[in-house]
Structure formats: C-alpha cells, structure tokens
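Shown next, in structure tokens, is the structure this report addresses.
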Amino acid sequence: MNSDDDTLLAEQIAYYRAGAAEYDRPYAERAQLQRLLAMTDSLPISGDVLELACGTGQWTPLLAARARSVTAVDAAAEMLSVARARTPAPNVRFVRADVLEWRPQRRYRTVFFAFWLSHVPPARLPAFWSAVAGMLAPGGRAVFVDDGPSAAAAEESVTVGSVPTVLRRLDDGSRYRVVKVFHDASTLTADLTALGWTARVQDVGGSIVGIAEPPAGAA
C-alpha cells in the first residue's frame, strides 16, 4: 500500500471514530437510505453472515433477522458501541478490527457490506475482492450496497495523489479526508468480471446494489 493510502485510511478511521454520534443522521433524513434498508428482505441474505464495516449497525439487525448468525466487523470502537446497543440479537457477534487487514478463522455463506466498497482505495480493490472470495464458503455470495456516481455532487472532493478523496466535516468543526470512489454499476460489473467474479450490479435510485459470486475454486 502506498503512503497516500496509509495516510488516508488512518484519517478515515479517525473520522468514523470521531463521528459515530453523527453517523446515523443521514438515515433519518434521506428517503433513499430508508428505501435501501427496506430492500434487505429481497437480497439473498442467508446462513452465517459476515458484515464488513458494520458502522453503527443500521443493517445488522436486518441481517440478523434473515441469518443463522452474523459476525459484524468494524475498526471504530465508537461505532461498535452504537451497533451493540442497536442489535441485542443473540445470533450477532461484534469484532473490532481493520476490515482491510482482518481475516476470519472460518467461512461464511454471505459476506455483506453497505457503503464500504467506496472507501477502499482503487489500488487495494483486487486484494480486497480476493480476500472476500476467501471469506466465502462454497456457493456463497457477496452482497453490497453503496453510493453511485450521482452522489458525488453532494460531496466536497479534494486531491490526495491518485486516490479519490472527499472532505467530511463534523459538528465540532473538525475536518477529515476519506477515500470515496463512486462506482458505476456497469463499470464495477466489468471490473469484477475481469477478476473472475460473476456479478450483477444494478443502479437503484442512484445507489448501487450488487450480488457477486467468486471465481470458481476460490472457496
């Protein structure tokens, strides 16, 4: 990983630690996020589920209602504190770990991540998808939700080398740079196909929703 990646990823974690109390605000304010949450029942969530970058657990109880078990991972202790309070379900386990570095000791039927893929630096994407393939049991799928290109208009972009970056501001006036890659559905499908995945990524009201199966033999 290059120095730009290192610096931005550290600042990104710091942002989510500092902003945990403000993180849920868009879910209350944006109808599109509520529509996406309501789509969970139509997604192929089943079996033992691994949720990467669970944040404050907006999606975790919805996953728990569909899954045999959920392992929810996030790097920010402050985010996990909110998520634990939101999700008292007995079939959910929380893990504090850097999603880009952590590797589970077992495999899962479903690997789910919401609004995380856009925070992975482009140079790290092939390794990330390879890691996800290794987390999936035979016949398993990755399921993901994220911002599409139209969401870029609401962000304040900044330049940090070659890594797409936006500036986020918190209520206390502090500012943080975070990685933000606005994936186009067709381009992402092509990128995953080139990596050997079988993927279906759709634009849903300006957001992307994807279901992907790893390369044959990856599991």
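The values are calculated or read from the model by the stated rules, or taken from the named source; none is laboratory data. These numbers were taken from a predicted model, which means no experiment stands behind them. Counting neighbours? That spans all protein chains shown, and the Cβs are built from the backbone with ideal geometry, glycine included.
A quick yes/no check of all residues on (1) farther than 24 Å from residue 100 by Cα; (2) out of contact with any strand residue (DSSP E or B) (no Cβ under 6 Å at 6 or more places or on another chain):
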| site | (1), (2) |
| --- | --- |
| 35 | yes, yes |
| 41 | yes, yes |
| 58 | no, yes |
| 65 | yes, yes |
| 68 | yes, no |
| 71 | no, no |
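Within region 77-90, identify whether any single residue is among the hydroxyl-bearing types (Ser, Thr, Tyr), modelled with pLDDT of 95 or more and under 29 Å from residue 196 (Cβ atoms), and answer yes or no. Among the residues of region 77-90, not one is among the hydroxyl-bearing types (Ser, Thr, Tyr), modelled with pLDDT of 95 or more and under 29 Å from residue 196 (Cβ atoms), which makes the answer no.
What are the residues in region 56-74 that are under 24 Å from residue 19 (Cα atoms) and either of a type in the set (Val, Ile, Thr) or surrounded by 23 or more Cβ atoms within 10 Å (Cβ to Cβ) (or both), if any?
First, pick out the residues of region 56-74 that are under 24 Å from residue 19 (Cα atoms): 56-63, 71-74.
Correct list: 56, 57, 59, 60, 63, 71, 72, 73, 74.
For region 172-189, taking the residues that are touching a helix residue (DSSP H, G or I) at 6+ places or on another chain (Cβ under 6 Å) and touching a residue at least 40 places away in the same chain (Cβ under 8 Å), the one that is farthest from residue 143 (Cα to Cα) is identified as 176. Here residue 104 passes the criteria (1) within 20 Å of residue 17 (Cβ to Cβ); (2) free of Cβ contacts under 8 Å to residues at least 60 places away in the same chain except the one numbered (1). Of everything in region 109-124 that is of a type in the set (Gly, Ala, Ser) and touching a Phe, Trp or Tyr at 6+ places or on another chain (Cβ under 8 Å), the residue that is farthest from residue 59 (Cα to Cα) is 118. Inside region 119-157, residues that are buried (at least 20 other Cβ atoms within 10 Å of the Cβ) and in contact with a His (Cβ under 9 Å, 6 or more places away or on another chain) make up a count of 3. For residue 33, the stated conditions do not hold, so it cannot be described as under 20 Å from residue 92 (Cβ atoms) and touching a helix residue (DSSP H, G or I) at 6+ places or on another chain (Cβ under 8 Å).
Screening residue 146 on (1) touching a residue at least 24 places away in the same chain (Cβ under 8 Å); (2) over 21 Å from residue 74 (Cα atoms); (3) among the acidic types (Asp, Glu) shows it passes everything except condition (2). Exactly one residue out of 24, 4, 48 is of a type in the set (Asp, Glu), in contact (Cβ under 8 Å) with a residue 24 or more places away in the chain and within 27 Å of residue 214 (Cβ to Cβ): that is 48.
Among the candidates 143, 99, 132, 92, which residue alone is of a type outside the set (Gly, Ala, Ser) and touching a helix residue (DSSP H, G or I) at 6+ places or on another chain (Cβ under 8 Å)? So that I can check it myself, show each step before the final result.
On the way: 143 fails: touching a helix residue (DSSP H, G or I) at 6+ places or on another chain (Cβ under 8 Å); 99 fails: touching a helix residue (DSSP H, G or I) at 6+ places or on another chain (Cβ under 8 Å); 132 fails: touching a helix residue (DSSP H, G or I) at 6+ places or on another chain (Cβ under 8 Å).
It is 92.
All but one of (1) surrounded by 14 or more Cβ atoms within 10 Å (Cβ to Cβ); (2) out of contact with any Gly (no Cβ under 9 Å at 6 or more places or on another chain); (3) in contact (Cβ under 8 Å) with a residue 40 or more places away in the chain hold for residue 116; state the number of the condition that does not hold. Just one mismatch for residue 116, condition (2). Scan region 105-119 for residues that are more than 20 Å from residue 37 (Cα to Cα) and either assigned to a loop (DSSP other than H, G, I, E, B) or of a type in the set (Lys, Arg) (or both) and jot them down. Within region 105-119, 105, 106, 107, 109 qualify. In this structure, residue 25 does not qualify as under 24 Å from residue 111 (Cβ atoms) and not hydroxyl-bearing (Ser, Thr, Tyr).
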